[in-house]
Structures are given as C-alpha cells and as structure tokens.
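To keep things clear, I will list the structure first and then write my remarks on it.
The values are calculated or read from the model by the stated rules, or taken from the named source; none is laboratory data. As the structure is a computational prediction, the values presented were derived from the model and not from experiment. Note that we place each Cβ from the backbone using ideal geometry, even for glycine, and neighbour counts take in every protein chain shown. The accessibility values were calculated without ligands, DNA or RNA, using every heavy atom of the protein model including side chains. Shrake-Rupley method; radii C 1.70, N 1.55, O 1.52, S 1.80 Å.
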Amino acid sequence: MDNGFSGYYRQHPSIHPILDQILERWTGEPKKTVYLLINKYGLPNEASSRRIIWYNNGPWKRTIVHLDTVPHNTPTPHLDYLEQTIDYKVPVQFFDELAQFDGSLYPDRTAGEATAKCDQEAANFMALNLMNDIVTGKRTVEDARRAAVEIEKAFRLKGQSSPYTTGFLFPKQSHTADPDVAAF
C-alpha cells in the first residue's frame with residue numbers, strides 16, 4: 001500500500017534512527033506532513049513522541065508538527081496540527097479582531113511572534129498574510145474571513161495557488177518582542 005511516503009523512502013531508506021523510531025508510531029496527515037517538511041527543509045532540530053520541530057526553516061522562525069490534531073471548521077473542516085511561527089509585532093488593539101478572524105491564529109505580545117496553526121503550510125501563509133491585512137487596515141475582519149474562504153476554495157478544490165498561499169506579502173520583522181514595563 002502506498003501511503004505517500006514510498007518515494008521518499010526509496011531515496012532515504014533511513015532518515016535518522018531515533019526519528020524513524022518516533023515516526024513509526026505516527027499516522028495520517030501529521031506523519032505525511034513531517035516527511036514533506038523533511039523533504040523541503042531537511043531534518044528537524046527536535047523530535048519527541050508527540051511533536052517534531054524545525055527552527056529557522058525557510059521563512060519560519062519555528063515549525064512544529066503535532067501528533068495530536070484539533071478539529072477546525074473554518075473556512076472548511078480540517079484538522080489543525082501544523083504550527084508555524086514568525087517574528088511579528090501585533091499591536092495589542094488588534095488581538096480581539098484577530099481572534100474573531102481565525103481562532104487558530106496566535107499573537108504573542110511578549111515574544112513578539114505570530115503563529116498560525118492549520119493542516120498545510122499554504123494555509124498558514126494565508127492566515128498570516130490576512131492577519132497583516134487586518135493589522136495594516138487593508139481589510140476588516142469580515143473581509144478577511146470572506147477572502148480566506150475564496151482563497152482556500154481555489155487552493156483546496158482547484159489546486160490554484162495565490163500570492164497569499166505561497167509566501168509572505170509583507171516585509172520580515174525583527175526586534176518584535178515586548179517585555180512590557182516592570183511594576184516593581
């Protein structure tokens with residue numbers, strides 16, 4: 001039975017003994033995604049029984065594939081397990097709006113990060129690009145949700161990519177952490 005990995009295994013019969021051991025217990029889409037990411041970004045930096053982690057892979061500060069999945073119905077039913085993070089200073093006044101836009105989008109003020117969690121890298125690019133559109137005033141929450149539906153429909157049903165799904169449409173940020181002000 002071809003589980004989507006046979007081509008990868010023909011080229012790489014043993015990735016790494018410990019990683020091989022961990023992935024023996026994994027199944028489904030999370031396992032398939034780990035192999036896709038290894039093919040794209042190389043071996044992960046960390047691996048445990050429940051998650052595989054890359055640091056500074058491509059445009060990402062951090063990528064985590066979780067074994068445990070979370071059902072998410074927006075914009076279409078899927079499982080969230082691929083978490084990808086960038087440095088991004090989200091102004092505090094937008095936290096509520098971003099939660100209304102996408103419950104799988106996590107701004108972290110203190111660390112100065114924004115994380116998207118979905119089932120595909122393309123969807124994470126899209127969520128973060130639409131987040132930036134909201135933060136910069138280019139779109140309202142409602143408009144961003146409508147755009148997400150249209151972009152995802154084209155991507156998932158027709159295989160059509162969009163600039164929103166293939167990379168970031170805004171400049172990389174740095175020095176984004178906000179340790180806040182000490183009270184004592």
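Computed values, structure above
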quantity	calculated
Where Rh is the Kirkwood radius over Cα pairs, Rg/Rh for segment 4-136	1.00
Diffusion coefficient, µm² s⁻¹, Stokes-Einstein with Kirkwood Rh over alpha-carbon pairs of segment 49-103 at 20 °C and 1.002 mPa s	164 µm²/s
In nm, spacing of pseudo-spin labels at ASP108 and ALA177 (7 Å Cα→C-beta vector)	1.1 nm
When each of LYS117/LYS172; LYS40/LYS138; LYS31/LYS172; LYS117/LYS153; LYS61/LYS158; LYS32/LYS172 is checked by Cα-Cα distance, pairs over 22 Å	LYS40/LYS138; LYS31/LYS172; LYS61/LYS158; LYS32/LYS172
Mean accessible surface per residue for the chain, computed with a 1.4 Å probe while every protein chain stays in place, in Å²	56 Å²
Percent carbon-and-sulfur accessible area, the chain, ignoring ligands, DNA and RNA, probe 1.4 Å	52 percent
Using θ = phi - 60° and Karplus 6.51 cos²θ - 1.76 cosθ + 1.60, couplings along segment 115-125 (whole Hz; Gly, Pro as x)	10, 10, 10, 8, 10, 9, 4, 4, 5, 5, 4
Difference of contour (0.36 nm per residue) and Cα-Cα distance, THR76 to SER49	6.9 nm
MRE, 222 nm, helices only [DSSP H, n ≥ 4, -39500 (n - 2.57), over the chain, to nearest 500]	-11500 deg cm²/dmol
Segment 90-164: equivalent-ellipsoid semi-axes (sqrt of 5 x gyration tensor eigenvalues, Cα, Å)	21, 13, 9
Simple spin-label estimate for ALA154 and GLN100 in nanometres, 7 Å along Cα-Cβ	2.6 nm
Order by protection proxy (mean Cβ within 10 Å, highest first), peptides 123-129, 43-49, 77-83	123-129, 77-83, 43-49
